[in-house]
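The values are calculated or read from the model by the stated rules, or taken from the named source; none is laboratory data. Quick caveat: nothing in here was measured; it's all calculated off a predicted structure. Cβ sites come from the backbone with ideal geometry, for glycine too, and all protein chains shown count toward neighbours. Just so you know, the surface numbers come from the protein's heavy atoms only, side chains and all, with ligands and any DNA or RNA stripped out. Shrake-Rupley method; radii C 1.70, N 1.55, O 1.52, S 1.80 Å.
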Amino acid sequence: MQILDAQKENKIVPLFRLGFRVFFLGGALFSCLAMLVWLLSLRGMALLPGVSNPIWWHAHEMIFGFGLAIIAGFVLTAMQNWTGIPGVRGWPLALVSGLWLLPRLLMPLRGELNDLVIVLDLLWLPLVAGFLARPVIQVKQWRNLFFAPLLMFMMLLNALSYYAAFSHNWLLAERVFTTAVLAIAALITVMGGRVIPFFTARATGTDKPEAIPALEKLALGSIWLATLGWLMLPRTSLFNGLLTLVLVIAAVTHFVRLSRWNNKLTKDIPLLWVLHIGYLFVPLGLLAMAAAILNWGITVSLASHWLTAGAMGTVILGMIARVSLGHSGRPLELKKPMVIAFMLVIIAGLVRALLPMLAPGLTRMAYDVSALAWVMAFGLFCRIYWPILTQPRADGRPG
């Protein structure tokens, strides 16, 4: 932790003392509301009066609204530890989080084609990228600089999603959203490889498995290659075959990677098994994406939910539960309702991705059960972590 002026720190509203606070809480609250609105919209309620395409809204907001908010909170917090330079706080953090929030609130009323909504939504990610790049460049820690161009890449995908909505090009929209999902899955594998085996070794008193350089390069290289390939390759039989091969290689290597992280030792430690199960959704999702591109009885939309409702939801809930405790000066001890929340988010992912594959006639029920499980899971997080994220650190230190 950084040595900061205590009086200056105490003048900052606790919610804006570090990125994880406002973005974890805001992202989780927003995901509950957005999922509930989506569920009720499927039931015919007019809760999105300004939105011309509710399906586009659901995909966009869960990826660029919820998912990237959590990523922003995580990297803005972690960058402080990585570089040794105090993270963004106070009014700059309030500004960027406000720029994230405004499009979320305005879009249901003004629509996805409103100029103000689009401009605001394209502003906040470059600001986050700038906040990240500055300390990395200052200390020349080039390993972590890739987060800045990654966020700019996500901003470009966001812009393309708005262009697709403007031009009513729904095939482009699906390609853009799927690329963004694969990019988030790839980021999960990058960060998961850094923290999951470390957390597991420390909590179980075992040695951290030594990484196999060739496996790491093949696993990470293939998933990033699949991400770019999904965006850029033409949809011909030749390129579809190549993309399928890359997806299968990525799935197999990430399954092997996960199998080396002492999974069996985590069964009694919820903060660990939730991350291991969440990571397992990644190779399963990559295999589903490979099947979808070959039209093997599964749509791209359904396949992508292995990575969104499954991997993204489960890993995010596990990580924000752990990071929020550690960075608020509290012991890594879960309250029992959070274990229930972990189970609920896993159920949400499995029901949404698996049930329509096994029983297509139960697809509508899968939507309902999955959405309600998601709302309950992240609702429990908000209820338990509200005082943790909105009050000063328990140990009195800054952050």
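Summary table below
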{"read-out": "Filter result (of a type in the set (S, T, N, Q), buried (at least 16 other Cβ atoms within 10 Å of the Cβ) and more than 16 Å from the chain's Cα centre (by Cα)) within segment 165-208", "value": "THR200"}
{"read-out": "Inter-residue pairs, beta-carbon under 6 Å, first touching a residue at least 12 places away in the same chain (Cβ under 8 Å) and under 14 Å from PHE255 (Cβ atoms) and in segment 266-295, second open to solvent by 30 Å² or more (accessible area, probe 1.4 Å) and assigned to a helix (DSSP H, G or I), 6+ apart", "value": "HIS276/ASN263; PRO283/PHE255; ALA290/VAL248"}
{"read-out": "Flag if LEU389 is surrounded by 17 or more Cβ atoms within 10 Å (Cβ to Cβ) and either of a type in the set (S, T, N, Q) or closer than 27 Å to LEU307 by Cβ (or both)", "value": "yes"}
{"read-out": "LEU275 at pLDDT 95 or above and either in a helix (DSSP H, G or I) or among the aromatic types (Phe, Trp, Tyr) (or both)", "value": "yes"}
{"read-out": "Yes/no for ALA348 being free of Cβ contacts under 8 Å to residues at least 60 places away in the same chain and surrounded by fewer than 19 Cβ atoms within 10 Å (Cβ to Cβ)", "value": "no"}
{"read-out": "Search result, residues across segment 44-56 that are touching a residue at least 40 places away in the same chain (Cβ under 8 Å) and closer than 15 Å to ARG175 by Cα", "value": "TRP56"}
{"read-out": "Scan of segment 280-320 for residues that are hydroxyl-bearing (Ser, Thr, Tyr) and under 12 Å from the mean Cα position of the chain (by Cα), ordered by number", "value": "THR308, THR314"}
{"read-out": "Residue under evaluation MET338, criteria (1) open to solvent by less than 20 Å² (accessible area, probe 1.4 Å); (2) in contact with a Pro (Cβ under 8 Å, 6 or more places away or on another chain); (3) modelled with pLDDT under 95, criterion not met", "value": "(3)"}
{"read-out": "Subset tally (residues that are in contact (Cβ under 8 Å) with a residue 60 or more places away in the chain and either farther than 26 Å from LEU272 by Cβ or of a type in the set (Asp, Glu) (or both)) for segment 165-195", "value": "7"}
{"read-out": "Residue among VAL345, VAL369 that is under 20 Å from the mean Cα position of the chain (by Cα) and of a type in the set (Val, Ile, Thr)", "value": "VAL345"}
{"read-out": "Filter result for ASP368 (among the acidic types (Asp, Glu), touching a residue at least 40 places away in the same chain (Cβ under 8 Å) and part of a helix (DSSP H, G or I))", "value": "yes"}
{"read-out": "Enumeration of residues in segment 313-330 that are within 24 Å of SER370 (Cβ to Cβ) and open to solvent by less than 10 Å² (accessible area, probe 1.4 Å)", "value": "GLY313, THR314, LEU317, GLY318, ILE320, ALA321"}
{"read-out": "Residues within segment 196-211 that are closer than 19 Å to ARG143 by Cβ, in contact (Cβ under 8 Å) with a residue 24 or more places away in the chain and touching a Lys or Arg at 6+ places or on another chain (Cβ under 9 Å), tallied", "value": "1"}
{"read-out": "Number of positions in segment 190-229 that are assigned to a helix (DSSP H, G or I), of a type in the set (D, E, K, R) and more than 24 Å from LEU307 (Cα to Cα)", "value": "1"}
{"read-out": "Count of segment 377-386 residues which are surrounded by 21 or more Cβ atoms within 10 Å (Cβ to Cβ) and either within 27 Å of PRO86 (Cα to Cα) or aromatic (Phe, Trp, Tyr) (or both)", "value": "3"}
{"read-out": "Unmet criterion (only one of (1) among the hydrophobic types (A, V, I, L, M, F, W, C); (2) open to solvent by 50 Å² or more (accessible area, probe 1.4 Å); (3) within 18 Å of the chain's Cα centre (by Cα)) for VAL139", "value": "(3)"}
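One line per residue, one yes/no per condition, for (1) open to solvent by 60 Å² or more (accessible area, probe 1.4 Å); (2) more than 15 Å from THR189 (Cα to Cα):
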| site | (1), (2) |
| --- | --- |
| GLU210 | yes, yes |
| GLU216 | no, no |
| ALA226 | no, no |
| MET232 | yes, yes |
| PHE239 | yes, yes |
| THR244 | no, yes |
| ALA251 | no, no |
| LEU258 | no, no |
